[in-house]
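Participant: Following this message is one structure expressed as structure tokens.
The values are calculated or read from the model by the stated rules, or taken from the named source; none is laboratory data. Just so you know, these numbers come straight off a predicted model, no measurement behind them. Positions of Cβ are backbone-derived with ideal geometry, glycine not excepted, and every protein chain shown enters the neighbour counts. These accessible areas exclude ligands, DNA and RNA; they are computed on the full protein's heavy atoms, side chains included. Shrake-Rupley method; radii C 1.70, N 1.55, O 1.52, S 1.80 Å.
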Amino acid sequence: MNFGLTEEQRMVQKMVRDFSQKEVAPIIQEYDRKQEMAPFILPRMGELGILGICIPEKYSGAGMDYISLGLACEELEAVDTTLRVVMSVHTGLCSMTLWQWGSEEQKQKFLVPLARGDKIGAGAFTEPGAGSDFANIQTTGKRDGEDYILNGEKMWISLASNADYALVTVRTQKDTGKSSGELTSFIVDLSTPGVTRGDIHGKLGVRAGSTGWINFQDVRVPVANRIGEEGEGFKVTMSAFDNGRYTVAAGATGLIRAALEASVNYANERKAFGKPIAQHQLIQSKIAHMALNYEAAQLLYLKAGWMKNEGQRNTKETSAAKWFATEKSFEAANEAIQIHGAYGFSDEYNVERYLRNARGAVIYEGSNEIQQLIQASYALGERQDKALRMEMPAYEE
Amino acid sequence: MNIVVCVKQVPDSAAQLSVEGGQISWGEAPLVINPWDEYAVEAALQKAKDLGGSVTVLSMGKESETEALKHALAMGCNEAVLVSDPALAGSDNVAAARVLAAAIAKVDDVGLVFFGKQAIDSDTGTLPAQVARVLGWPALTLVSAIDELNADGIKVERAIEEGRQVVQSGLPAVVSVIKDYGEPRYPSFMGIRKAARATIPVWALGELGIEAPSPVVAWPEVMAPPQREIATEIITGGSPAEIAATLADKIMAEKVL
Ligand SMILES: Cc1cc2nc3c(=O)[nH]c(=O)nc-3n(C[C@H](O)[C@H](O)[C@H](O)COP(=O)(O)OP(=O)(O)OC[C@H]3O[C@@H](n4cnc5c(N)ncnc54)[C@H](O)[C@@H]3O)c2cc1C
Ligand SMILES: Cc1cc2nc3c(=O)[nH]c(=O)nc-3n(C[C@H](O)[C@H](O)[C@H](O)COP(=O)(O)OP(=O)(O)OC[C@H]3O[C@@H](n4cnc5c(N)ncnc54)[C@H](O)[C@@H]3O)c2cc1C
């Protein structure tokens, strides 16, 4: 067993850290206040190759391993959650699912521009009436010759207003008795007539990024854009979550680290009762918990990343990593505010933003209640992974 | 025409330095590329792109010290060479200059050698001029911009205290670059992959065909600077004018002004 990072992984970590700390950290609070995404972020992440970090060079990606993807997400979210959200949806939900389930033709057409960052991708699954109960989505896809015609609305979609393509899962059949077998996934060009979209305003967190809705009205999507077979949409979407959740877990780990660092700095400076508050044991306890949870969260995601590298199924491990890291990142941000006292309650310091951002991750990519159900069903022996028709490829150097 | 860029591996600028038994120690702090040298690498890469030559990054140091070279490779340098030999322990600047000059002479068709402004650990800032002297090439130091460069010569702007000085010379030449040159690029992923897989050749004195040059300077003693006593005082008062007056009195009393 080897717990060390390779030289390559350390270099990736440093490069993404330098980018996020130098270019984004100084301006992020301003954009969070304005509730806008800084316009340079997506082009810059594309240009630096971060958007295609773990896609093979054959498809114009950077060809790094899955652990590098995790490390990049940790560094990005240590600065701001919106940066990591880009990785979750563009890379995790959209690009990696295309890589796993797409045909060679689809990969050339859609994955290559996504990996280069020339196009931006989203994953559109949730609807106004169905989130956790995903098999119950109502957007329909009706076959018509060489097209499917899509009708319905997707809601809470990250990068809704930035994306060029979205991986969309819809209902193509009804009343077969098995709801999850009635779904089909497509890669949809969002410039197709009949697609309208917009952003949701007044969000608690991820304010420096887009979260929105996408509406489909008689949108014609060619059969050639179908990802997997008809009826495989549920499996395709669950594969997407295996990758999206991994990025969320790694990112939330970065948020714990950011909360810890802010807390340590502040606790060493601020004095109360004649000494730095870092010397009061109750403050130390908070810091100790953050330090422990950071280590544990990191180990969980690195293990999932290692399994991905090996080509092993990791639904259980990725779900556990996501559950733990997001729960602990919310706790860490909350305690960081406590350590900062009243200053933590103001946006002069970063910790209130950490808290608002951490809150979303407890809900999205499978709420933490859903992650608990997954863990319980594995533990109780009710759930076993079945081989998929298309497996996520192991990492090849 | 090819380009050489010289980089030094130094303790991270956040490292806590101490003196233990006459030796400087930086504890467990990681060793990184000298931050000033990243600007030199940037300049070398830009100029090689314009001229179509290759960039060799060169460092003298211990056998294990490849981090700075790998960083420069990841930024896009074509080749990296580590100059290392147990006999070089204790080399001063004169010795280092002779060794680096011998290594530069071994690289084919070198037209330009880039250096950083200074190394953040030893901080002398003299090596570029010393290497130029050994090679017998012009030294253009503290360069903020390169205005012209072609097969015949180079025209640069030097940042000096009084302003900017435009200097030109023939080639080959030695150039040390300052921060104003422009932000260094990040390593690219392709570069990182290449750098991580690269085995860096090590040139010992035998390969350079020289003996270990003897140092002309000695370090009889190394001391940590005395701890600075810092006291903070918050000045209070009834009005901003009163606070300002008290502050002014204090500053005068402390002979700060
Ligand atoms: C910032 C943000 C970004 C998002 N980005 C995307 C995106 O890019 N793409 C996308 O498709 N979706 C996205 N979502 C949507 C997200 O995935 C859903 O909100 C999430 O799956 C939960 O669905 P819901 O909101 O409909 O809640 P519901 O499913 O209605 O759940 C409501 C509550 O009930 C709980 N609950 C539900 N079922 C059970 C059960 N069986 N047992 C116990 N408790 C249960 C849930 O945990 C939750 O607490 C995003 C959401 C947010 C907030
Ligand atoms: C008596 C004595 C003994 C010493 N013993 C040692 C020793 O055992 N080990 C040791 O590491 N140092 C030793 N040093 C320090 C060493 O000589 C200097 O670090 C070196 O000569 C460069 O000087 P500088 O660091 O001040 O570089 P500067 O002149 O400030 O550096 C300017 C530029 O030169 C280039 N450069 C500097 N150093 C190197 C290098 N090593 N390789 C390639 N390019 C470089 C970089 O581009 C840098 O930006 C010793 C010095 C003395 C006086």
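Participant: For chain B, what is the calculated [θ] at 222 nm in deg cm²/dmol (nearest 500), taking -39500 (n - 2.57) for each run of four or more DSSP H residues and dividing by its residue count?
Facilitator: -9000 deg cm²/dmol
Participant: Can you give me the angle between helix A:351-361 and the longest principal axis of chain A, using Cα atoms only, in degrees from 0 to 90, rounded to the nearest 10?
Facilitator: Once rounded, one gets 30 degrees.
Participant: Report, in deg cm²/dmol and to the nearest 500, the calculated mean residue ellipticity at 222 nm for chain A, where each DSSP H run with n ≥ 4 adds -39500 (n - 2.57) and the sum is divided by the residue count.
Facilitator: Using -39500 (n - 2.57) per qualifying helix, the result is -14500 deg cm²/dmol.
Participant: Here is a follow-up. Hey, if we sort A:5, B:73, B:257 by accessible area with the 1.4 Å probe, largest down, what's the order? Don't jump to the answer; show the numbers that get you there.
Facilitator: Details: A:5 55, B:73 10, B:257 155 Å².
Largest accessible area first, the residues go B:257, A:5, B:73.
Participant: Can you give the accessible area of residue A:47, probe radius 1.4 Å, in Å² rounded to 10?
Facilitator: 130
Participant: How much length, in nm to one decimal, is gained on full extension between residue A:108 and residue A:5, taken as 0.36 nm per residue of separation minus their Cα-Cα distance? Walk me through the intermediate numbers first.
Facilitator: Numbers: separation 103, 0.36 × 103 = 37.08 nm, distance 3.18 nm.
Roughly 33.9 nm would be gained on extension.
Participant: Follow-up question, since we're still on this one. Suppose R0 equals 25 Å; then what is the FRET efficiency for residue B:20 and residue B:62 from their Cβ-Cβ distance, rounded to the nearest 0.05? Intermediate values should be presented prior to the final figure.
Facilitator: On the way: r = 18 Å, r/R0 = 0.73.
Calculated transfer efficiency: 0.85.
Participant: Over the whole of B:98-108, what's the average partner chain Cβ count within 10 Å per residue? Rounded to a whole number, please.
Facilitator: If you average over the peptide's residues, the count of other-chain Cβ atoms is 0.
Participant: Also: What is the diffusion coefficient of segment B:125-257 in µm²/s, taking the Kirkwood radius over Cα pairs and the Stokes-Einstein relation at 25 °C with a viscosity of 0.890 mPa s?
Facilitator: Rounded to a whole number, D works out at 114 µm²/s.
Participant: Here's a follow-up. Return the sequence-ordered ³J(HN,Hα) values of segment A:174-186 in whole Hz as given by the Karplus equation 6.51 cos²θ - 1.76 cosθ + 1.60 applied to θ = phi - 60°, using x for Gly and Pro.
Facilitator: With the stated coefficients, segment A:174-186 comes to 9, 6, 8, x, 10, 4, 5, x, 9, 9, 9, 9, 9 Hz.
Participant: Subtract the Cα-Cα distance of residue A:394 and residue A:136 from 0.36 nm times their separation in residues, and report this length gain in nm to one decimal.
Facilitator: 89.7 nm
Participant: Something else now. How large, in percent, is the carbon and sulfur part of the accessible surface of segment A:162-262 at a probe radius of 1.4 Å?
Facilitator: Ligands and nucleic acids excluded, carbon and sulfur give 48 percent.
Participant: As a test of the definition: with a 1.4 Å probe, what buried accessible area, both sides summed, do you compute for B against A, in Å² to the nearest 100? Can you show the working numbers first?
Facilitator: Values: alone 14970 and 17470 Å², together 30870 Å².
Accessible area lost upon association: around 1600 Å².
Participant: Which percent of the accessible area of chain B is formed by carbon and sulfur heavy atoms (probe 1.4 angstrom)?
Facilitator: Details: 7340 of 14130 Å².
Accessible surface attributable to carbon and sulfur in chain B totals 52 percent.
Participant: Can you tell me the order of B:103-110, B:156-163, B:43-50, A:351-358 when each peptide is scored by its average per-residue count of other Cβ atoms within 10 angstrom, highest first?
Facilitator: The most tightly packed comes first, giving A:351-358, B:43-50, B:103-110, B:156-163.
Participant: With all protein chains present and a 1.4 Å probe, how do A:125, A:273 order by accessible area, largest first? Could the numbers behind the result be given before it?
Facilitator: On the way: A:125 5, A:273 195 Å².
Reading off the accessible areas and sorting them downward yields A:273, A:125.
Participant: Then there's this: Student exercise: in segment A:1-134, how many lysine pairs 8 or more apart or on different chains have Cα atoms under 19 Å apart?
Facilitator: Pairs that pass both the separation and distance tests number 6.
Participant: I want to check the label-to-label distance for residue A:58 and residue A:383. Put each point 7 Å from Cα in the C-beta direction and report it in nm to one decimal.
Facilitator: 3.1
Participant: Could you order the peptides A:169-178, A:16-25 from most to least packed, using the average number of other C-beta atoms within 10 Å per residue?
Facilitator: By packing density, highest mean first, the sequence is A:16-25, A:169-178.
Participant: Taking all protein chains together and a probe of 1.4 Å, list B:223, A:392 from the most accessible to the least accessible.
Facilitator: Reading off the accessible areas and sorting them downward yields B:223, A:392.
Participant: Mind ordering A:254-265, B:233-244, A:221-232 by average Cβ neighbours within 10 Å, highest first?
Facilitator: A:254-265, A:221-232, B:233-244
Participant: Sticking with the crude label model, points 7 Å out along Cα→Cβ, report the distance from residue A:265 to residue B:228 in nm, one decimal please.
Facilitator: The answer from the label model is 2.0 nm.
Participant: Across every pair of different alpha-carbon atoms, what Kirkwood hydrodynamic radius in Å does segment A:7-120 reach?
Facilitator: With all distinct Cα pairs of segment A:7-120 included, I get 14.2 Å.
Participant: Also, I was wondering about something else. What is the distance, in nm, between label points placed 7 Å from the Cα along the Cα-to-Cβ direction at residue A:238 and at residue B:150?
Facilitator: About 6.8 nm, to one decimal.
Participant: Can you tell me, using C-alpha contacts under 8 Å and at least 6 residues apart, the relative contact order of segment A:7-120 as a whole percent?
Facilitator: After rounding, I find 32 percent.
Participant: Here's something else I'd like to know. So if R0 is 35 Å, what FRET efficiency would residue B:29 and residue A:310 give, r being the distance between their Cβ atoms, rounded to the nearest 0.05?
Facilitator: 0.55
Participant: Could you pull the accessible area for residue A:374 with a 1.4 Å probe, rounded to 10 Å²?
Facilitator: 10
Participant: Where only protein heavy atoms count, and the probe is 1.4 Å, what is the accessible area per residue for segment B:1-80 in Å²?
Facilitator: Accessible surface, normalised per residue, equals 43 Å².
Participant: What Kirkwood Rh does chain B have if only Cα atoms enter the pairwise 1/r average? Answer in Å.
Facilitator: Numbers: mean 1/r = 0.0492 Å⁻¹.
Every distinct Cα pair counted, the radius reaches 20.3 Å.
Participant: Could you report the accessible area of residue B:26 in Å², rounded to 10, computed with a 1.4 Å probe on the protein chains as they sit in the structure?
Facilitator: Per-residue accessible area (residue B:26): approximately 80 Å².
Participant: By how many degrees, 0 to 90 and rounded to 10, does the Cα axis of helix A:315-340 deviate from the longest principal axis of chain A?
Facilitator: 40
Participant: Regarding segment B:62-195, what are the three Cα extents along the principal axes, ordered largest first, in Å?
Facilitator: Projected onto its principal axes, the Cα set of segment B:62-195 covers 41, 36, 30 Å.
Participant: Here is a follow-up. What residues of segment B:164-187 lose no less than 20 Å² of accessible area with every protein chain in place versus their chain by itself (probe 1.4 Å, heavy atoms only)?
Facilitator: With the partner chains in place, segment B:164-187 has these residues losing at least 20 Å²: B:186, B:187.
Participant: Just checking the output field for B:192-202: average partner chain Cβ neighbours within 10 Å of each residue's Cβ?
Facilitator: 3
Participant: Then there's this: Per residue, what volume in Å³ does the Cα convex hull of segment A:217-372 take up?
Facilitator: On the way: hull volume 22.8 nm³, N = 156.
Hull volume normalised by residue count: 146 Å³.
Participant: Counting only heavy atoms of the protein chains, get the accessible area per residue of chain A (1.4 Å probe) and round it to a whole Å² value. Before the final figure, lay out the partial values.
Facilitator: Details: 16740 Å² over 397 residues.
With the other protein chains kept in place, chain A gives 42 Å² per residue.
Participant: Over all directions, average the projected area of the Cα convex hull of chain A and note it in nm².
Facilitator: Mean projected area of the Cα convex hull: 19.6 nm².
Participant: Hey, another quick one. Output the relative contact order of chain A, whole-number percent, from Cα pairs under 8 angstrom with separation of 6+ residues.
Facilitator: The normalised contact order for chain A reaches 17 percent.
Participant: If you line up the long axis of helix A:368-379 against the longest principal axis of chain A, both from Cα atoms, how many degrees apart are they, to the nearest 10?
Facilitator: The answer is roughly 80 degrees.
Participant: Would you work out the relative contact order for chain B, in percent, from Cα pairs under 8 angstrom that are 6 or more residues apart?
Facilitator: Relative contact order here is 23 percent.
Participant: Please give the average number of partner chain Cβ atoms lying within 10 Å of the Cβ of each residue in A:10-18, rounded to a whole number.
Facilitator: Shielding by partners across A:10-18 averages 5.
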